[in-house]
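Working notes, beginning with the structure itself.
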Amino acid sequence: MLLKLKRKLVRLIKRWLRNKKIVLLVLVIVLCIGAVVYSNYIENKRLTVNPSTYAPLLQLIAHAESKNNYNAYFGNAANTTIDFTHMSIGQVMKWQAGYRAKGNPSNAVGKYQIISSTLSGLIDRLGIDTNQKFDKATQDSLAIALLERRGSELYINNELTREQFAANIAKEWAGLPKIVGEKPDDSYYASDGLNKSNVKTGEVLNAIKAIKPQ
């Protein structure tokens, strides 16, 4: 009787050990898969910009381009006669075409001095309705779209240095310094005789430093 109990106990122990090995093996496999999945998640996770942190850079760009006037246009930064913020985007583009047809060298409009070709490109890329008002919120969102196009997300993901990002946005806004190369405080477009930088390199770099991820 005692021998039978002993044999039964041995069988139970062996079965438990055998099942335990299977359970441990499954746990090890699950942990390994989890580690790989988590590693890939971290590696592929992309940071996005907290929109509110664009504010210092947008303010600096607006100061350099239009003295912060949403109704500015090329040749008249202090404009108060034409209210672009109450026009639709389509109406603004029509005005730009007419202004250029009069022989003016640029048709830049608004707080961020967006020219017609840039505006047209944003409309196509973002699917913007041209009936949308060219109001303050729209102008701000268009400027952010341009910052994104020039690499703001690459910057916060450490794929562009501050200097590289600053040099990129200098190609978008002539009122900013080109940052790199000879005479870094000059506008990227200084040679055209129409544009000059209105801020210093340090101001741009400090404003970019304020950009943070979500």
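The values are calculated or read from the model by the stated rules, or taken from the named source; none is laboratory data. Being a predicted model, the structure only gives us computed values, none of them experimental. Note that each Cβ is placed from the backbone with ideal geometry, even for glycine, and that neighbours are counted across all protein chains shown.
Brief remarks follow.
- Some residue of segment 194-202 being part of a helix (DSSP H, G or I) and either free of Cβ contacts under 8 Å to residues at least 12 places away in the same chain or surrounded by 15 or more Cβ atoms within 10 Å (Cβ to Cβ) (or both): yes
- Cβ separations smaller than 7 Å between residues 6+ apart or across chains give the following pairs from segment 120-134 residues that are without any contact (Cβ under 8 Å) to a residue 60 or more places away in the chain to residues that are aromatic (F, W, Y): F134/F84.
- As a summary of the residue check, M93 satisfies the conditions (1) out of contact with any Lys or Arg (no Cβ under 7 Å at 6 or more places or on another chain); (2) closer than 20 Å to K171 by Cβ; (3) free of Cβ contacts under 8 Å to residues at least 40 places away in the same chain except for the one numbered (2).
- Filter result for E172 (part of a helix (DSSP H, G or I), charged (D, E, K, R), modelled with pLDDT of 95 or more and surrounded by 13 or more Cβ atoms within 10 Å (Cβ to Cβ)): no
- Of the listed requirements (1) at pLDDT 95 or above; (2) outside any helix (DSSP H, G or I); (3) not aromatic (F, W, Y), L60 misses just one: (2).
- Failed item, numbered, when E159 is tested on (1) in a loop (DSSP other than H, G, I, E, B); (2) within 24 Å of L47 (Cα to Cα); (3) touching a residue at least 60 places away in the same chain (Cβ under 8 Å): (3)
- Residue in segment 96-127 that is farthest from T80 (Cα to Cα), counting only those that are within 18 Å of the chain's Cα centre (by Cα) and part of a loop (DSSP other than H, G, I, E, B): G127
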